[in-house]
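Here the structure comes first, spelled out in C-alpha cells, and everything after it is commentary.
The values are calculated or read from the model by the stated rules, or taken from the named source; none is laboratory data. Keep in mind that what you see is a predicted model, and the values were worked out from it rather than measured. Here Cβ is always computed from backbone atoms with ideal geometry, including for glycine, and neighbour counts include all displayed protein chains. Quick note on the areas: whole protein, heavy atoms, side chains included, nothing else; ligands and nucleic acids left out. Shrake-Rupley method; radii C 1.70, N 1.55, O 1.52, S 1.80 Å.
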Amino acid sequence: MRPGGPWAWLLGLPTAVVYGSLALFVSVLHNVFLLYYVDTFVSVYKIDKAAFWVGETVFLLWNSLNDPLFGWLSDRRFLSSQPRSGAGLSSRAVVLARVQALGWHGPLLAVSFLAFWVPWAPAGLQFLLCLCLYDGFLTLVDLHHHALLADLALSAHDRTHLNFYCSLFSAAGSLSVFASYAFWNKEDFSSFRAFCLALATGSGLGFVGATRLLRRQVEAAGREPGCPAMAVNGGLCEEELLVGGKEAGSITLGQYLRQLARHRNFLWFVGMDLVQVFHCHFNSNFFPLFLEHLLSDHISLSTGSFLLGISYVAPHLNNLYFLPLCRRWGVYAVVRGLFLLKLGLSLLMLLAGPDHPGLLCLFIASNRVFTEGTCKLLTLVVTDLVDEDLVLNHRTQAASALLFGMVALVTKPGQTFAPLLGTWLLCFYTGHDLFQQPPLAPLGSAQPWPEPPAPPPARAPTLRQGCFYLLVLVPITCAVLQLLAWAQFTLHGRRLHMVKAQRQNLSRAQTLDVKMV
C-alpha cells in the first residue's frame, strides 16, 4: 500500500521524470565546477605553476583510467557464467543495485564539490585531492546513470523518452551558470561559497530523494503484472531472470578486451566518438579565444558573457527537438545529418570569410551547440552497443556500466588532444604562442576576455586569420573523418531491429529456462 501524506503524489511521477531529474542534480554542480575551479585556485588560492601542472597531470591519468576501472568493478560479475545454485541477481536487482549506488555516490559528489571552495590544505595538495575525489564520484554517478538508460529500457522509443527528460533537466541545471555570475567575486569569496553550499545541499538532498523514489517505483513495478510503470520490454518484470547461465567459468579482463577487439561496431564507434570528444573540448577551450580575436570589436562584453552562458544551456534544449527526430528516423540518421550539417556550415563560413560579424557569431554559437548536442545523442548509440555486446557474446546480463567505461577509456584522450593540438596549430600557422601571451580570463570570470595589448599592425591580421582558419578547418576535418567512420557503422536499421529482437528472445528463453528449473 502506498503511504499517504502530502508527498504521496511523488510516487505517481513517471519513471522517466525521476530518472531525468538525476541529470539536474549533476548539472547544477558540474557546470559551476567547469567554470570556476581553475580561476579559484589560480586567482584566489594562488597555487604555484608547478603544483598546478602536477595536479593536472595526475588528474589526466586518473580521469582516463577511472571509467574502465569502476565499470569493471561494477559489472565484472555480469561477464561471468557462474553455475546456478538457486540464487542470483535478477534484472530488477541489477537496476536496484545501480539506484542504490547513485543514492550513495550522488551526495558524496556534492560533498567533494564543496571541498573546492574552502581552503583546508596547501593549495597544491588540495587541488590534487579535490580534482581526483570529485572526478571519481562524478565518474561513478555518470556510469551508473548511463547504465540505467540501457537497463531500464530496451526499445529506441523508450530510451529516447528517458533521454528527453535528461536533456530537459540538464538544461534547467545549466541555469546555475547564469546565477553564478551574481555571486562570483574573487575579492570577497564568502557569497560564492554560500551559493556553492546551497547548490551542493540541494543536489545531495535531490539525489537521496530521487533514488529512494526510483527504488520504490522499481520495486512496485516488479510486483505489478505487465510492469506499467516501466517501459522495459520484458526487463524489470523478469524477476526470475538470473545473472548466471548454463556454462561454468568466468571471463577475465583479457578475454573481455579480446571480445571488444572483435566487436566491429564498437571499434568504429569509439573512433568516431574520439573525434567528437576532441571537437567538443576544442570548442570549449577556444570559445573565448575566438570571441576575443574575431568578434571583440563587434560585440560588447555582456553579449560575450551571454553567448558563453547560453552555450551551456542551448545544447540540452536543442536535444529536446532532436530526440523526437531520433524516435522517428533513428539515432543513426540524425547523427549523420548533424555531421553533414557541421560540414556544410563550416564550408559556408570558409567561403564567406572572417569579415561577416553576424555570420561569425551565429557560426561560433551553432558550432558549439550542435557539437555538444551530438555528444548527448551518442549515449543512445552506446546503449545499442550494450545490446549488441550481450547478443554477440551470449551474456546473461548486459554489462552496461563496463561498456560505457571502455568507451570513455578510448575517447577521453580527445580532451587532452584538443588544447594541445589547437595551440600547436595556432602557433605553427601564426607564430602566436598562447603560453607566451597574457592569458585569457578563465571562463568563469566576469569578463570573458581581457583587453589585450595593441599588437603590431603587421601581426594582428595574421593572428585573426589564424583563428578564423582554426575555427572552420577543424570542424571540416572532424566532420569528414566522422562521416567516413560512421559509414562503416552497421548497428542501425534492420541489424538494430534484429539485435533488439534477439535480446528480447534471449530474455524470454532464459526466464522460461529458470522457471522450468
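Remark: the stretch 86-187 carries 35 Å² of accessible area per residue (probe radius 1.4 Å; ligands, DNA and RNA excluded). Computed from phi, the 3J(HN,Hα) profile of the stretch 408-419 under the Karplus parametrisation 6.51, -1.76, 1.60 (θ = phi - 60°) reads 5, 4, 7, 8, 5, x, x, 5, 7, 5, 4, x Hz, with x in place of Gly and Pro. Between the beta carbons of T57 and H298, assuming R0 = 30 Å, the FRET efficiency works out to 0.20 to the nearest 0.05. Residue separation of L425 and Q259 scaled by 0.36 nm, minus their Cα-Cα distance, works out to 56.0 nm of gained length. Across the stretch 350-366, rounded Karplus estimates of 3J(HN,Hα) from the backbone phi angles (6.51 cos²θ - 1.76 cosθ + 1.60, θ = phi - 60°) give 4, 5, 6, x, x, 9, 10, x, x, 5, 4, 4, 5, 5, 4, 5, 5 Hz, Gly and Pro being marked x. With each label modelled as a point 7 angstrom along the Cα→C-beta vector, the E187-N505 pair spans 7.2 nm.
Using a probe of 1.4 angstrom and keeping all protein chains present, the accessible surface of the stretch 377-430 works out to 31 square angstrom per residue. When peptides 271-277, 153-159 are ranked by their average number of other Cβ atoms within 10 Å per residue, the highest-first order is 271-277, 153-159. For the stretch 312-374, the fraction of 1.4 Å probe accessible surface lying on carbon and sulfur atoms is 71 percent. Share of carbon and sulfur in the accessible area of the stretch 106-187 stands at 73%, probe radius 1.4 Å.
Each residue of the stretch 332-340 was assigned a 3J(HN,Hα) from its phi angle through the Karplus curve 6.51 cos²θ - 1.76 cosθ + 1.60 (θ = phi - 60°); the sequence is 4, 5, 5, 5, 4, x, 5, 5, 5 Hz, with glycine and proline shown as x. Legend: distances between Cα atoms for K342/K376; K342/K500; K376/K412; pairs beyond 23 Å are K342/K500.
Peptide packing: for 382-393, 344-355, the average count of neighbouring Cβ atoms within 10 Å per residue gives the ranking 382-393, 344-355, highest mean first.
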